[in-house]
1. Any idea what log10 I(q)/I(0) is at q = 0.20 Å⁻¹ for the range 127-247, Debye with uniform C-alpha scatterers and no solvent?
2. In debye to the nearest 20, how big a dipole does the range 32-166 give about its Cα centre with +1 on each Lys and Arg Cβ and -1 on each Asp and Glu Cβ?
3. Scan the chain and hand back the longest stretch that contains none of the GluC sites (Glu not before Pro) lying in DSSP loops with at most 11 other Cβ atoms within 10 Å.
4. Rank these for me by crowding, 484, 123, 598, going from fewest to most other beta carbons within 10 Å.
5. Along the charge dipole of the range 22-382, pointing to its positive end and built from +1/-1 on Cβ of Lys, Arg, Asp and Glu, which listed residue (151, 312, 261) has its Cα farthest out?
6. Lysine pairs, Cα distance under 28 Å, 8 or more residues apart or cross-chain: how many in the chain?
7. Give me 103, 175 sorted ascending by neighbouring Cβ count inside 10 Å, so fewest comes first.
8. Relative to the Cα centre, what is the charge dipole magnitude of the chain, using +1 at the beta carbon of each Lys and Arg, -1 at the beta carbon of each Asp and Glu, and rounding to the nearest 20 debye?
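Every number here is computed from the coordinates shown, using simple stated rules; none is lab data. Not measured: the values here are computed from a predicted model. Heads up, the Cβs are rebuilt from the backbone with ideal geometry, glycines too, and the neighbour counts pull from every protein chain shown.
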Amino acid sequence: MKSFGFLLLALFAAHTAHAELDTLWSRQIPFDGQAYEIMAATVLSDGGVAASTVTYPTPTDQPALRIWRFDLGGDPMWERDYGAGLTYLQVVGIEELPGGNLMQFLVGQSQGGDTLTSLVVARGYNASGDSLWERRYPYSFVESFSRSALLSDGNVILATTVWDIASGFYWPLLMKFNATGDTLWTRTYNLESTYYAKGITELPNGNLVMAQYGYDVTGLNLIRAVCVTATGDPVWTREYGDEGLGLNVTGISSDGAGNIVMCAARAGWEWFDSPWGVGLTATGQDRWTLNPSPEDLFSPSGCLPLSDGGAILVSTRWPDFGFPGAEVHSVDTDGNLTQEADFGGMPSSFSGLHNSGARGAIAYGFVSDDTWNNIGFLLRFGPGTVVTGFVRHLGSNTPLEGVRVEAIETEEYAFTDVQGIYLLPVSNDTVTIRVSSPCIEPVEQTVFLEEGEQNTRNFTVGMPEYDSDPTSLNMVATFNMLARDTVTIFNSGNGDLIYSVEARELDPVYDWLSVVPTSGVLEPGTGTIIEVIALPTQGQWSDHYGEVRIHHNHCPDTVDEIGVYMLALDTPDRPGVIDDFAVHAAYPNPFNAETTVRYDLPRDAHVKAILYSITGQSVVTLADDVKPAGSHDLHLSTGSLASGVYLLRVEAADFVSTQKLVLLK
């Protein structure tokens, strides 16, 4: 760690950190009512913090909820109180959802007559703290040590523990929630003994890793790291035992590289806990184990992986005499501990740590003042340097939302909001910033940043505009002879248009369609001609259907599909012999400008072709006269037709055919 700037708390000693991570700020929070500690906190997308606890206005009152929000520098923005209507209440998690709303998780009990119901409660708030909704899920009994995590898909996972009445065991329970608190799925893990879930983290591949502690069938105390898929199916399990009084897992966390850290407290014979910890790979292999000295008598309450492979532990020390004290330790890649800071004087303790990836982490707990009243305590970890700015469109100067802004060297990234503003924490002092999205050509800029400061870098990027003509191709070819047509594409925007072209044979499937060129880049205001080449060689098929697919970086459309219909003839002048009446499928279908229907006559016949609406009303007559034997085309242009489904009826002598056409404008 490069710096510790704690408020009204004693600094232990200055140590050189093993990774680029700062303590950005700390804050003491008066409860203004009876409360014990901050129970949950999370780092927000803007670098601020939301925190929550349970308060008791008076000792006889029902518990109430309180939520605080702090800005990037730790200054308070608002504080809100809420009723809960429960006789017992614990806050076990708070998360920020995509879009800025907050989701809070509670474990509580409600009294109804002589019945006491145990509940998992999910509550939603907007960014200003106004209540939006509440969902309650009853269980026979829910343990209060539970943890939540925001997932990469924008949903939230809660790891908790429920009591199974039939077996008498406590079993882990995973609950996945959407943004309105409805469960997407729940999964109870029925084991042969009691196990408690005490933490959850998501890996880069979407798998989840749960921290558990409990007892095997012989009664041996164990802690476990249990990896499951994104839908809760088991992947791998690592178990750790202890010959002493046992282990109690207290935290688990992971980073963007899949490194996992799990920490625990090892109970001692003299009632003084010592730390335990392990670093794991994403596949469950040990990277390091903690090597505490006999003097290291403290209980970790949370852990955080560092970019160099080490970790941070936030802990509480229980001395022989005196008061408990909150401490921070770093762990190197060999598992060796270095004490970074402690908080002497009045009692203090960390109760947990919430990791938010590249945004940093927040440790939470309490300190006591000189009148022995508890005060909430937050300690904000994060990269010491922040880059902020806006991304706008070249020309119109409008803000661009959803653009990825990335520090290439450290893989830290952020996305622009609806105002085009981004906030990117970075760990290095010199980085290459890349601005990219599916709609723009990536822009890179190497910048030198002021350490520990908020640096401003604005970007203006161009966006291509894709135009093409025509929307479909109708070709006539001779077997074993080339036929050619063209598609023109043009970039009318102000950013480079990157394109690639592929030809796809749909029916029949053999190598009869190709394009030139197959890729390129068009500068603003320029265009190019794509040559479409057909070479029919297999004479058993006269009808050929395919498409030309043009991939490009213009949004929202990124693929343009141009239908190709080719009629292959035996000679340049005359088609092959026709033996039966036939009406072929329209191509393209669906269509938006024009479609073609070919029909075959084995002899001269009166042909009547009428287009009907789906309700049976005649719309347009395409043919009503005598046609000579051979192949003929019906061409339908959309004109003033409305989008919808139509029926084309073709009559020739005693032959009748009807097919459905779909017009999409």
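1. -1.14
2. Numbers: 7 positive and 16 negative charges, 49 e Å.
Computed charge dipole of the range 32-166: roughly 240 debye.
3. That gives 454-665 as the longest site-free run.
4. In increasing order of surrounding Cβ atoms, one gets 484, 598, 123.
5. 151
6. Lysine pairs meeting the criterion: 5.
7. On the way: 103 27, 175 22.
By the 10 Å Cβ count, ascending: 175, 103.
8. Using Cβ point charges on Lys, Arg, Asp and Glu, the chain gives about 1220 debye.
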